[in-house]
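Notes follow the structure.
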Amino acid sequence: MPAQHEAPVHLVAYDQSWPALFEAERTALSEILYPWLTGPIEHVGSTAVPGLPAKPVIDIMAGVDTLEASRNALPPLKKFGYHYAPYRAELMHWFCKPGLSVRTHHLHLVPFGSPLWKERLRFRDCLRSNPTVAGEYSALKYHLAEIHRFDREAYTQAKGAFIGQVLHTLTAGDSDVTTHGAA
């Protein structure tokens, strides 16, 4: 059963203000995370793709050396309004702002250059550069949001096969990614 404290999955049309919201947050996070950053702070997720519908939550990924080395970043991030949630803790430190039930921002501290780091950027860049794949992903997201409206985790997991297929195609060297069965 889905967690009762989470807001339902609700997609909205692309909002032109999302890049500016990311930039403002990146500026503040650059100062807070300076001691732990070994890579850039990136705008990832659907709000980073012009024209793509999304849950109105700005996804931010910051490159750190290791998860253990960046553990000391948790208290300063809490003071800035980020609440730590041990989701996929073996791969990243994950935070929600302003809280776990109502979210405007997600922050992912990810080891710079790790497979997760590379996959998130490759998928984002593919969606930005390939309107066909972005359209298929958009249709899939709307479909899954209807099915999993009250279960964010199921919604996220259900997108995994599509994302995996796109990443596999990209890894196979097929730069002309066009169709991925998003039915």
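Could you list, in sequence order, all residues of segment 36-56 that are within 9 Å of the chain's Cα centre (by Cα), assigned to a loop (DSSP other than H, G, I, E, B) and β-branched (Val, Ile, Thr)?
Answer for segment 36-56, where residues must be within 9 Å of the chain's Cα centre (by Cα), assigned to a loop (DSSP other than H, G, I, E, B) and β-branched (Val, Ile, Thr): there is none.
So the check is Cβ under 8 Å with 6+ separation or different chains; which pairs have a first residue in segment 93-122 that's closer than 19 Å to residue 70 by Cα and free of Cβ contacts under 8 Å to residues at least 24 places away in the same chain and a second one that's part of a helix (DSSP H, G or I) and not small (Gly, Ala, Ser)?
Taking only residues 6 or more apart or on different chains, the pairs are 95/77.
Among the residues of segment 132-152, write down those that are touching an Asp or Glu at 6+ places or on another chain (Cβ under 9 Å) and surrounded by 19 or more Cβ atoms within 10 Å (Cβ to Cβ).
none
Within segment 113-126, is there a residue that is farther than 28 Å from residue 36 by Cα and either surrounded by 15 or more Cβ atoms within 10 Å (Cβ to Cβ) or in contact with a helix residue (DSSP H, G or I) (Cβ under 9 Å, 6 or more places away or on another chain) (or both)?
Yes: one or more hits.
Here is a list of conditions, (1) surrounded by fewer than 16 Cβ atoms within 10 Å (Cβ to Cβ); (2) touching a strand residue (DSSP E or B) at 6+ places or on another chain (Cβ under 8 Å); (3) not in a helix (DSSP H, G or I), and residue 62 meets all of them except one; can you say which number that is?
Tallying (1) surrounded by fewer than 16 Cβ atoms within 10 Å (Cβ to Cβ); (2) touching a strand residue (DSSP E or B) at 6+ places or on another chain (Cβ under 8 Å); (3) not in a helix (DSSP H, G or I), residue 62 fails exactly one: (1).
Any idea which of (1) closer than 21 Å to residue 21 by Cβ; (2) out of contact with any Phe, Trp or Tyr (no Cβ under 6 Å at 6 or more places or on another chain); (3) of a type in the set (Lys, Arg); (4) without any contact (Cβ under 8 Å) to a residue 40 or more places away in the chain is the one residue 71 doesn't satisfy?
Only one criterion in (1) closer than 21 Å to residue 21 by Cβ; (2) out of contact with any Phe, Trp or Tyr (no Cβ under 6 Å at 6 or more places or on another chain); (3) of a type in the set (Lys, Arg); (4) without any contact (Cβ under 8 Å) to a residue 40 or more places away in the chain is unmet by residue 71, namely (1).
Would it be correct to say that residue 103 is modelled with pLDDT under 95 and either acidic (Asp, Glu) or surrounded by fewer than 18 Cβ atoms within 10 Å (Cβ to Cβ) (or both)?
no
Where residues in segment 89-128 are of a type in the set (Val, Ile, Thr) and more than 18 Å from residue 76 (Cβ to Cβ), which of them is nearest to the chain's Cα centre (by Cα)?
If we take residues in segment 89-128 being of a type in the set (Val, Ile, Thr) and more than 18 Å from residue 76 (Cβ to Cβ), then 104 is nearest to the chain's Cα centre (by Cα).
Just to verify a result, which residue in segment 1-58, among those that are among the aromatic types (Phe, Trp, Tyr) and surrounded by 18 or more Cβ atoms within 10 Å (Cβ to Cβ), is farthest from residue 159 (Cα to Cα)?
If we take residues in segment 1-58 being among the aromatic types (Phe, Trp, Tyr) and surrounded by 18 or more Cβ atoms within 10 Å (Cβ to Cβ), then 36 is farthest from residue 159 (Cα to Cα).
The values are calculated or read from the model by the stated rules, or taken from the named source; none is laboratory data. The structure presented is a predicted model; accordingly, all values stated were derived computationally and were not measured. In this analysis, Cβ positions are derived from the backbone assuming ideal geometry, glycine residues included, and neighbour counts consider all displayed protein chains.
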